[in-house]
Amino acid sequence: MKIFACTNCDYHSVTSKYTCPKCQQGKLQETEVSASGTVYSFTDIHIAPAEFAHIAPYTVALIQLDEAPVKVTARMDAEVQIGDSVELKGLEEGAFIYTKAD
Ligand SMILES: [Zn+2]
């Protein structure tokens with residue numbers, strides 16, 4: 001997956017910005033890293049916003065990427081626990097969909 005790393009400090013993000021919001025000096029450069037990661041925290045969504053009501057209940061996890069100091073918010077397609085290894089399954093309507101790694 002693509003992440004954006006500051007050329008000046010240790011700031012990393014999954015969203016592109018013109019200048020680094022942390023040090024205000026560096027530019028964010030696109031870097032390709034593995035989408036594999038570890039579940040940092042998760043929550044089950046039972047009352048979903050209208051656009052996701054048809055898939056509720058579902059699990060949203062905060063995933064710490066293995067190869068970069070970035071956390072990604074993703075929808076899980078399986079039950080997970082904190083510390084589980086997960087991998088990117090795909091994108092759906094702009095949302096990251098993750099599944100448990102083998
Ligand atoms: Zn910076």
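The values are calculated or read from the model by the stated rules, or taken from the named source; none is laboratory data. The shown structure was predicted, so the numbers you read here are calculated from the model rather than taken from an experiment. Note that we place each Cβ from the backbone using ideal geometry, even for glycine, and neighbour counts take in every protein chain shown. Note: areas computed on protein heavy atoms with side chains; ligands, DNA, RNA excluded. Shrake-Rupley method; radii C 1.70, N 1.55, O 1.52, S 1.80 Å.
Structural remarks
- Among residues other than F42 with Cβ under 14 Å from its Cβ, the summed charge is -1 (Lys and Arg +1, Asp and Glu -1).
- Each of the peptides 23-31, 50-58, 70-78 was scored by the mean count of other Cβ atoms within 10 Å over its residues; in descending order, highest first, they stand as 70-78, 23-31, 50-58.
- Given their separation in residues at 0.36 nm each and the Cα-Cα distance between them, A48 and C9 gain 10.3 nm when the chain is fully extended.
- Computed extension gain for E79 through T19, at 0.36 nm per residue and net of the alpha carbon distance, reaches 17.9 nm.
- Taking every protein chain into account, the accessible area of the range 57-97 amounts to 56 square angstrom per residue (probe 1.4 Å).
- Stretchable slack from K2 to K100, in nm (0.36 nm times residue separation minus alpha-carbon distance): 33.3 nm
- The C-alpha radius of gyration of the chain, expressed as a fraction of 2.2 N^0.38 Å, stands at 1.16.
- Charge context of V60, other residues only, Cβ under 9 angstrom, K/R +1, D/E -1: 0
- Residues whose amide H falls under 5 Å from that of N8, counting only those 5 or more places apart or on a different chain, are G26, K27, with hydrogens built in the peptide plane.
- Here the Karplus curve 6.51 cos²θ - 1.76 cosθ + 1.60, taken at θ = phi - 60°, turns the phi angles of the range 75-80 into couplings of 8, 9, 9, 8, 6, 9 Hz, with x standing for Gly and Pro.
- Antiparallel %, DSSP beta bridges [both residues in the chain], to 5: 90 percent
- Using every pair of separate Cα atoms, the Kirkwood estimate puts the hydrodynamic radius of the range 10-65 at 14.1 angstrom.
- Ligands, DNA and RNA left out, the accessible area of the range 15-102 computed with a 1.4 Å probe is 51% carbon and sulfur.
- Long-range HN-HN contacts of F42 with modeled amide H, under 5 Å: L62
- Dipole-positive endmost among M76, L91, Q25 within the chain (Cβ charges, Cα centre): Q25
- Taking Lys and Arg as +1 and Asp and Glu as -1, the other residues whose beta-carbon sits under 14 Å from that of E87 total -2.
- Residues whose amide H lies under 5 Å from that of T59, counting only those 5 or more places away or on a different chain, are I45, M76; hydrogens are built 1.01 Å from N in the peptide plane.
- Converting phi to 3J(HN,Hα) with the Karplus coefficients 6.51, -1.76 and 1.60 and the offset θ = phi - 60°, the range 93-99 yields 6, x, 9, 6, 10, 10, 9 Hz in sequence order, with x at every glycine or proline.
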